[in-house]
Amino acid sequence: MESFFIKGEAINDLSSIKNKKLVLFPSGQYTRLFLQYQKTDQILYICDNSNEMQGKTIHDIPVVAPQKFCEEEGEFCIIVTSPNLAYEFTEQLKALHLLERCEIIVCNWGSFSAKKLYDPFTFEDKRKHVNKTLLVLAGYKEKLWDIVFKRIKRFVPDDIDVCVMSSGKYVPELSELCRDNQWSYLSTKTNNLSLIQNIAIKLHSNAEYIYKLDEDMFICEGFFEGLMYTHMDLERNSRYRVGIVAPLIPVNVHGYVRFMEKMNCLNEFENEFGRAYYDFNTHFMGKTEETLFLWEHTLPLDETSKKLSSMPYSYFVCPHRFSIGAILFKRSIWEQMGGFRVTEGSGLGSDEHDLAVFFLSHTHFYSFIIAENVLAGHYSYGKLNNPALIDDFYDQNKQHFDISEE
């Protein structure tokens, strides 16, 4: 883990601790959090002053009183997982005449609370430990998986770690899919989208760049390269502080206008449905017919993607909250935010809200950037007045959602 400090110098893991007995203190939630991300075979004891905890085990590690160290020879390395207890515990070791034999490491969690990162989870690890990762939220829209994951498999570069995440459930079919493709699979006990993303980002500690996809997003050729090119271009050559980069998404409160302008169908749309606005709060709330109109002008997906990618390079800065079903962002953004807030319930939309609040009210004022040469299709969202129409349209036009083999 990257959050230890020893004598003012950071250490990345426990392998640098040699010839000392490794101990954690105390036995609370931060130690349990620590043990989720750190291999436990090196840890001899968990130390705690609570009589209630002493004699128990956590992850098969015995919980003992500090006085236990008086009975043993040799030196100890004690990791204090709760920073606010470090001084008090050091004084206790001094009173027991143990301090000379103990090296103290204080865990520095920064702005992260245990609640943001702790939950029982299953992690089937296929990490390559590269500097880019793709996180895919999936588990609830099985109808779309065959084509959505087919597209991911076809277009994801080899230098990206892929992790499929199921919030609140373990899905054997997704586990098998990941195993077959050498992808990681993460599932959590609690169904909270912010929580599982925090855990996934924490597990992929080498990832400087993070792509995130929802299971109802249909990506196209050049998705990963196009978002990365736009991100790097703006960082180097623009006056914007890049927050996230997203593709042009037709079924989207911002992207629909730009998409129709580029595809020359905006007048047709406005003649049928009225004036189109960049409008986060009201548009598409229960308007199935507008969603179908946009999909009719998007399909075949790969053909439209080629049209957009062949146009002159362009990007657009979204002036309001933006949906985050398909995005690229830097790890440093997540760290500055202190992770996504973990609230009660599923957390649906909470991560999106957090990004908007952070970007639009933070003193640095980060921007939502749309890479207009990169297309991704969002199946649908919002309070559709007739969801069955979307499903029927998909079934009837599935070949146009699928990859073109021309």
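The values are calculated or read from the model by the stated rules, or taken from the named source; none is laboratory data. All of these numbers come straight from a predicted model, not from anything done at the bench. Positions of Cβ are generated from backbone atoms using ideal geometry, with glycine treated the same way; all protein chains shown enter the neighbour counts.
Do you know which residues across the stretch 155-180 are within 24 Å of residue 375 (Cα to Cα) and in contact (Cβ under 8 Å) with a residue 12 or more places away in the chain? Residues satisfying the conditions are 155, 156, 157, 159, 160, 161, 162, 163, 164, 165. Of the residues making up the stretch 76-97, those that are touching a strand residue (DSSP E or B) at 6+ places or on another chain (Cβ under 7 Å) and either charged (D, E, K, R) or not assigned by TED's automatic domain parsing to the domain that holds residue 19 (or both) number 0. For the stretch 38-57, the criterion of being exposed (fewer than 11 other Cβ atoms within 10 Å of the Cβ), modelled with pLDDT of 90 or more, of a type in the set (D, E, K, R) and out of contact with any strand residue (DSSP E or B) (no Cβ under 6 Å at 6 or more places or on another chain) is satisfied by at least one residue. Restricting attention to the stretch 68-89, and to residues there that are surrounded by 13 or more Cβ atoms within 10 Å (Cβ to Cβ) and in contact with a Leu (Cβ under 7 Å, 6 or more places away or on another chain), which single residue is farthest from residue 101 (Cα to Cα)? Checking each candidate, the answer is 81. Residue-level check: of (1) farther than 20 Å from residue 312 by Cα; (2) at pLDDT below 95; (3) of a type in the set (A, V, I, L, M, F, W, C), residue 218 misses just (2). Sub-8 Å Cβ pairs linking a first residue in the stretch 263-285 that is surrounded by 10 or more Cβ atoms within 10 Å (Cβ to Cβ) to a second residue that is outside any helix (DSSP H, G or I) and at pLDDT 95 or above, at least 6 apart or interchain, are 263/297; 265/297, ordered by first then second residue. When the criteria are applied in full, residue 341 fails the requirement of being in contact with a strand residue (DSSP E or B) (Cβ under 9 Å, 6 or more places away or on another chain), surrounded by 16 or more Cβ atoms within 10 Å (Cβ to Cβ) and of a type outside the set (Ser, Thr, Tyr).
On the basis of being in contact with a strand residue (DSSP E or B) (Cβ under 7 Å, 6 or more places away or on another chain), under 16 Å from residue 319 (Cα atoms) and of a type in the set (Val, Ile, Thr), does residue 199 make the cut? No, not satisfied. Of the residues making up the stretch 317-370, just one is modelled with pLDDT under 75, part of a loop (DSSP other than H, G, I, E, B) and among the charged types (D, E, K, R), namely 321. With respect to the conditions (1) within 27 Å of residue 397 (Cβ to Cβ); (2) among the β-branched types (Val, Ile, Thr); (3) over 11 Å from the mean Cα position of the chain (by Cα), residue 136 falls short on a single one, namely (3). Among the residues of the stretch 13-25, is there at least one that is small (Gly, Ala, Ser) and at pLDDT 85 or above? No; the residues of the stretch 13-25 include none that is small (Gly, Ala, Ser) and at pLDDT 85 or above.
Looking across 185, 229, 256, one residue alone is in the same structural domain as residue 343 (by TED's automatic domain parsing), over 21 Å from residue 294 (Cβ atoms) and crowded, with 23+ Cβ neighbours inside 10 Å. It is 185.
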